[in-house]
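The values are calculated or read from the model by the stated rules, or taken from the named source; none is laboratory data. Not measured: the values here are computed from a predicted model. Note that each Cβ is placed from the backbone with ideal geometry, even for glycine, and that neighbours are counted across all protein chains shown. All accessible areas refer to the heavy atoms of the entire protein, side chains included, with ligands and DNA or RNA removed. Shrake-Rupley method; radii C 1.70, N 1.55, O 1.52, S 1.80 Å.
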Amino acid sequence: PFKPKRPDGKIDNFVAGYFQPGEDVNYITLSTEGEDADTFGTIFHEYVHFILNTNFGSDVPAWFNEGLAEYYQTFQIEEDQKVKLGLPQSGHLQRLQQSKFIPLDELFKVSKFQLLQTGSHSRSIFYAESWALLHYMIQGGKAEAMNKFVGMLLNDVTPETAFQDAFQISYAQMEKELRRYVEKSTYQYVNVAFKNKLTFDTEMQVSPLDEAQANAYLGDLLYHVNRADDAESFLATALQLNPQLSIANLALG
């Protein structure tokens, strides 16, 4: 009941979770009904969007934004001290091995707005190919060129010019290399061992929400995802329970 609306006004049913930025608050929203790995993977994915949005705003290319989020989605911690980054996503690999790739000149031009308007299958291919491209660049020794490419795009250089300058190869050649990459049987990932154990569990602060606060946050979330009509009943309930609740008064106003 808290899925966002697409640009055409319809509810977006093709999401497992989403990051909703705002000038006053940022939300990571997801269902907790799935497996723990899926739940945490969604959180990691959406948290990458938060980091990119905080540092670069909304100008980050959609393929890079989603590809990097998918890359870190498989983040794993072991023994509070060992981290795995860039584990392969078998679902993406199977989808790409059985599907036609999106040409890179089209992939690089897809905007976030356009991505939200696409159907389930096309969006799945976009996510899978963006993940594969980021994984190939990071694990294949092309991270420096990738950084240069994205930096030029953020400075309004055309994708064709930026790509040629950064990678010194054509789109067609990169597409061939990417196709070979997704057909491999094994994939590299990064192991990181920290000197000291990670202690964020002991440092994290958690506080319960009463019924008024819960309704206020749900109403505020719906307001931020352009569902004002649905938000109003939650906000009204919150204010019936606590008329002085600032977040509910602000969102309703």
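A few remarks follow.
- Residues of type lysines that K3 reaches as a straight line, Cα spacing below 23 Å, ignoring anything fewer than 8 places off in the same chain: K112
- Peptide packing for 3-9, 69-75 was compared via the average number of neighbouring C-beta atoms within 10 Å per residue; ordered from the highest value, the list is 69-75, 3-9.
- Rounded to the nearest 10 degrees, the angle from helix 211-224 to the longest Cα principal axis of the chain is 50 degrees.
- Highest-MSF residue in the chain out of I102, I77, I11 [GNM, Cα springs under 10 Å]: I77
- Across all C-alpha atoms in the stretch 1-130, the radius of gyration and Dmax reach 15.0, 46 Å.
- Computed magnitude of the charge dipole of the chain (debye, nearest 20; Cβ of K, R +1, Cβ of D, E -1): 900 debye
- Highest average packing first - 113-126, 200-213, Cβ atoms within 10 Å: 113-126, 200-213
- Net charge dipole size for the stretch 1-57 [Lys, Arg +1 and Asp, Glu -1 on Cβ; Debye, nearest 20]: 280 debye
- Helix 120-139 and the longest principal axis of the Cα set of the chain meet at an angle near 60°.
- Computed [θ] at 222 nm, helices only, for the chain once each DSSP H run of length n ≥ 4 contributes -39500 (n - 2.57): -17000 deg cm²/dmol
- Listed residue (T42, S90, I28) projecting farthest to the positive dipole end of the stretch 1-145, Cβ model: S90
- Taking the C-alpha atoms only, the angle from helix 62-73 to the longest principal axis of the chain is near 80 degrees.
- Of the two radii for the chain, the radius of gyration is 1.01 times the Kirkwood radius, both from the alpha carbons; that is the Rg over Rh value.
- Projected-area mean, the stretch 116-184, by convex hull of Cα positions, square nanometres: 5.3 nm²
- In terms of Cα atoms, the Rg and Dmax of the stretch 85-220 work out to 19.8, 58 Å.
- Surface per residue (accessible, 1.4 Å probe) for the chain, Å²: 59 Å²
- Computed log₁₀ I(q)/I(0) - Debye formula, equal Cα scatterers, no solvent, the stretch 163-253, q 0.20, 0.25 Å⁻¹: -0.91, -1.16
- Only lysines eight or more places from K197 in sequence, or on another chain, were considered; those with a Cα closer than 16 Å are K82, K84.
- Once you reduce the stretch 133-179 and the stretch 92-119 to the center of their Cα atoms, the two points are 16 Å from each other.
- Electrostatic dipole magnitude of the stretch 38-136 [Cβ: Lys, Arg +1; Asp, Glu -1; Cα centre; debye, to 20]: 280 debye
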